[in-house]
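All of the numbers you see were taken from the coordinates with simple rules; none came from a lab. Computed from a predicted structure; not experimentally measured. Virtual Cβ from ideal backbone geometry, glycine too; neighbours counted across all protein chains shown.
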Number of protein chains: 2
Amino acid sequence: MKAKRVAVAGFGNVGKGVIEILLQKQIPELKLAKIVVKHPDKSRPFNVDPELVTTDFARVVHDPEIDIVVEVMGGVEDARSLILDALQNGKDIVTANKAIIARGNEVFSLAAKLGRTIGFRGTFVGCNTLIHDLSLSAGRIRRMCAILNGTCNYILSHMSRRGIPFEQALKEAQEQGYAEADASDDIDGIDTARKIQILSGVINNTFNMPPDVPCEGIREITMQDIQYGRELGYAIKLVGIVEKGKDSATIFVRPVLVPHGSLLASVEDANNAIELEDDLGVVSALVAPGAGTYPTAVAIINDLLDIAHGDTFMMPTSNTPIVLNDTGDIETRYYLRLTVIDQPGVLAQITRILGDHNISLASIIQKEAVSAKSVSVIVTTYLVREKELRAALQQIDLLEVVKAKTRIIQILA
Amino acid sequence: MKAKRVAVAGFGNVGKGVIEILLQKQIPELKLAKIVVKHPDKSRPFNVDPELVTTDFARVVHDPEIDIVVEVMGGVEDARSLILDALQNGKDIVTANKAIIARGNEVFSLAAKLGRTIGFRGTFVGCNTLIHDLSLSAGRIRRMCAILNGTCNYILSHMSRRGIPFEQALKEAQEQGYAEADASDDIDGIDTARKIQILSGVINNTFNMPPDVPCEGIREITMQDIQYGRELGYAIKLVGIVEKGKDSATIFVRPVLVPHGSLLASVEDANNAIELEDDLGVVSALVAPGAGTYPTAVAIINDLLDIAHGDTFMMPTSNTPIVLNDTGDIETRYYLRLTVIDQPGVLAQITRILGDHNISLASIIQKEAVSAKSVSVIVTTYLVREKELRAALQQIDLLEVVKAKTRIIQILA
């Protein structure tokens, strides 16, 4: 077998891992043929043959000797042009670019038209092993629940374990290089949502990924919620969920309470995790680092190897849009934290409204007053439709005795 | 692509899952061509076209229309003959037969000579997804730690969670169909050892699997150990470990203490789990059912699909034996439960001997007397070479004041 000739565009954190593995591991199927960089004079973590390095993107794209282009430049516009040009010129593509793949239509349509391959395991590093195998298997994926953002998981697990405040945990995550360039993308759930868009496309075999999914981040999770959650036997995790219906899917990103002792609760630090249930009822779960130089580079190398071997490839083949179910129709359990005046009759007012909406309570705990003005009341419900709960809370939050917007967190049972 | 014609030999628990999927899922690459059974008149969970069923193993093996034989008969001798005959007659093989694959030399040598494929994901159902991908990837596996026996995990997790005795937990596991035909194979670690033999072959890319690996089961784990372990912050799990050295490997099966909150501790009931570290330092873990009709059937179907697609296949290619390191050279932490007379000076005698062997203690707790005659003393050590610890315990167990053999359990840190 002739080795595939690979050009790597980008020499940042991920690029350096890919280049290092290609140079040092001597993989017979893959030959590093070119490295394309914007700043050739920038100092690099290790020396590479200067002959390999070029700044001329156009030449690489038109070089008939290049078989596969690895796009790890980051950004959107330049990366997008490179991918489209390379496809037009007969190259296969491997990329870790979530922003481009989450809006997959353009690049996948072109690849499908030209019979080319786009490898994108690098966009969901922490779960690519499991998804890759299951998406090709006889048991199709029916439900997915995943922790997909290392920064958020770092923040939540360290707030919980060490009792440090949100801001300090975020700062540590940034210092350790977990956070995205703009940390808002992490903590507002945007990064998780992008991965969920991509994964929902894979699971539904469409490259017409949903352009938007309901998304709530972790900015408003307080130490109180973490502590009360723990007392009730739960940890808080930011998850993305995809649940396939008959002709539609329920897809969203939000913080949820998961039971202590469960696999998802055991996922610490910047790890990612994914739980999958297939249509035969078999549940598998994978825990792995969701980012980082080597994990991402290995995901990319695995794509390169699949292309080199001509192996069956995980690339969505249809262009059918996914119909999203209303999250108001989710039926699940909830944790509520109400902030109320500490006076007789308050609980009666609240429970009456919940009862009027047919919402059954699993537990209710009034905490000791934290200030002279208000106390927290923690409620857990049995199964209830989200719509119904939100209608009840709209009434409750208008009550004179309720002093702040009630916090709702889904309990994942 | 012409569909591969598949003969399934065996219509037991696993066979019925494979047959059901082949008949109902309409996988275009695979066509069920024959079902070979010993007892054609036995009642089956669903009806199959009588034309498909035969008792004539020889005819199937010589039928030029059959491309792949799935061996799910169980047993050793008949299954072995079938596999060898089918290979000789140009068929590829897919099997879930651990006993045969763990002594892989004969069948793999023949397959290699004839250029045929043997799929054996069905022999390590609970971790085949992760192993399959990583064994083909750029980051080679350096260390593996796995829970591979559902019966043992069921017993240990229910003893711990519900406080039920060993015998009751075993009975429940048998009633729920988790236990092997002979439960000793489960609880003595034999089943785990077979899977570890196979996985160590995969990890080392040799079909010359180690004929024996050091193996200790869970028969002697008492409720006391589970309770004391929990007080110290650990759960007890039966694990198999493979750690690659330069030209050798440390391989063994034994119960160990794993920290609460760790992924392995979160694995409940009959689930299996595997933690892998590759040579780039990336750690991934998978949790999945380790047996059962559908999980095993899906593993087999995935092998069939890989063969049908001509995909790169996870089959060891070398015949090099694995040199096993002495487990006496393991350096780790230990939990010790000593049974001693409740009188002054006893602890001094014990700690002196441990000190003489340079064994540092992390903790020592004397429990209240359970009988008039003896008390338990629980010791945890810092890192120590197993050889050294065993030498010390040999002396300790000879002391007049020590009333029972000291229990040692490795702490997995």
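Of B:316, B:40, B:255, the residue with the greatest mean-square motion in the GNM of chain B, using alpha carbon springs below 10 Å, is B:40. Summing Lys and Arg as +1 and Asp and Glu as -1 over all other residues whose Cβ lies under 12 Å from the Cβ of residue B:12 gives a net charge of +3.
With a 10 Å cut-off around each Cβ of A:299-306, the average count of Cβ atoms from other chains is 3.
For segment A:123-200, the mean projected area of the C-alpha convex hull, equal to one quarter of the hull surface, is 5.8 nm². When both segment A:90-144 and segment B:195-243 are represented by their alpha-carbon centers, they are found 37 Å apart. Listed by chain and number, the aspartates and glutamates whose alpha-carbon sits under 17 Å from that of residue A:113, ignoring those within fewer than 8 places in the same chain, are A:85, A:92. Label-point spacing at residue B:74 relative to the other copies reads 5.7 nm, in ascending order, each point sitting 7 Å out from Cα along Cα→Cβ.
GNM remark for chain A: springs join alpha carbons under 10 Å apart, and the peak mean-square fluctuation among A:79, A:193, A:372 falls on A:372. Placing +1 on the Cβ of every Lys and Arg and -1 on the Cβ of every Asp and Glu, with no other charges, gives segment A:328-411 a dipole of roughly 200 debye about its Cα centre.
For residue A:347 and residue A:279, a Förster radius of 45 Å and the Cβ-Cβ distance give a FRET efficiency of 0.50, rounded to the nearest 0.05.
Shielding of peptide A:285-296 by partners, expressed as the average count of other chain Cβ atoms within 10 Å per residue Cβ, is 5. Would segment B:158-264 count as rounded, prolate or oblate if I go by the C-alpha gyration tensor, calling it rounded below 1.5 in a/c and otherwise prolate when a/b exceeds b/c, oblate otherwise? Oblate shape, in that a/c is at least 1.5 and b/c is the bigger or equal ratio. Sorted shortest first, the separations between the residue B:115 label point and its copies elsewhere in the assembly read 2.6 nm; each point sits 7 Å from Cα along the Cα-to-Cβ line.
Compute a Gaussian network model of chain A, connecting alpha carbons closer than 10 Å, and tell me which residue from A:51, A:29, A:331 fluctuates the most. Sorting by GNM fluctuation, first place goes to A:51. Considering only A:260, A:312, A:136, and ranking their Cα positions along the charge dipole of chain A that arises from unit charges at the beta-carbon of Lys, Arg, Asp and Glu, the one farthest toward the positive end is A:260.
In deg cm²/dmol and to the nearest 500, what is the mean residue ellipticity at 222 nm of the protein assembly as shown if only DSSP H runs of at least 4 residues count, each as -39500 (n - 2.57), divided by the residue total? Display every interim value, and only then the final one.
Working: 28 runs with 287 residues, N = 826.
After summing the helix terms and dividing by residue count, I get -10500 deg cm²/dmol.
Taken about its Cα centre, segment B:20-113 carries a charge dipole of about 280 debye when Lys and Arg each add +1 at the Cβ and Asp and Glu each add -1 at the Cβ. Candidate cross-link partners of residue B:31 among the lysines, defined by an alpha-carbon separation under 21 Å and a same-chain spacing of 8 or more, comprise B:2, B:4, B:16, B:91.
Spin-label model, residue B:113 to residue A:26: label points 7 Å out along the Cα-to-beta-carbon direction sit 3.1 nm apart.
Spatially, segment A:20-57 and segment B:155-173 are offset by 57 Å when compared through their Cα centroids. For residue A:348, inter-copy separations between label points set 7 Å beyond Cα along the Cβ vector come to 7.1 nm, shortest first.
Before anything else, pin down the relative contact order of chain B: Cα pairs under 8 Å, at least 6 apart, normalised by residue count, whole percent. Display every interim value, and only then the final one.
Details: 839 pairs, mean separation 67.1, N = 413.
Normalised by residue count, the contact order of chain B is 16 percent.
A simple count of charges around residue B:92, restricted to other residues whose Cβ falls under 12 Å of its Cβ and scoring Lys, Arg +1 and Asp, Glu -1, yields 0. Let me make sure I get this right: for segment A:144-189, a, b and c are the square roots of the gyration tensor eigenvalues over alpha carbons, sorted descending. Under 1.5 in a/c it's rounded, otherwise prolate if a/b > b/c, else oblate. Which is it? Here segment A:144-189 falls in the oblate category. With K and R counted +1 and D and E -1, the other residues having a Cβ less than 10 Å from that of residue A:217 yield a net charge of -4. Considering every residue in B:131-137, what mean count of other chain Cβ atoms within 10 Å of its Cβ is obtained? Per residue, the average neighbour count from other chains is 4. The Cα atoms of segment B:54-200 give a gyration tensor whose axes a ≥ b ≥ c have a/c of 1.5 or more with a/b no greater than b/c, which makes the shape oblate. Think of segment B:129-290 as a dipole: +1 on every Lys or Arg Cβ, -1 on every Asp or Glu Cβ, centred on the Cα centre; then among B:169, B:280, B:199, B:280 lies furthest on the positive end.
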